[in-house]
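Here is the structure we will look at, set down as structure tokens.
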Amino acid sequence: MKVANSLKTLKTRDRNCRVVRRKGRVYVINKVNPRFKARQG
């Protein structure tokens, strides 16, 4: 899982990416291709 300052570019890398808020953190998750996972901060 990558940790990034901005998730906007990571979101656009794959069309299955979803931006999700969990426990005050922002995540990018991708069910089809899990290598696109990322967390902000």
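Each reported figure results from applying straightforward, stated rules to the coordinates on display, with no laboratory input. All of these numbers come straight from a predicted model, not from anything done at the bench. Here the Cβ positions follow ideal geometry from the backbone for every residue, glycine too, while neighbour counts run over all protein chains shown.
The condition of being assigned to a loop (DSSP other than H, G, I, E, B) and of a type in the set (A, V, I, L, M) holds for only one of Val32, Val19, that being Val32. Within the range 1-12, being exposed (fewer than 13 other Cβ atoms within 10 Å of the Cβ) and either within 18 Å of Asn33 (Cβ to Cβ) or aliphatic (A, V, I, L, M) (or both) holds for Met1, Lys2, Val3, Thr9, Thr12.
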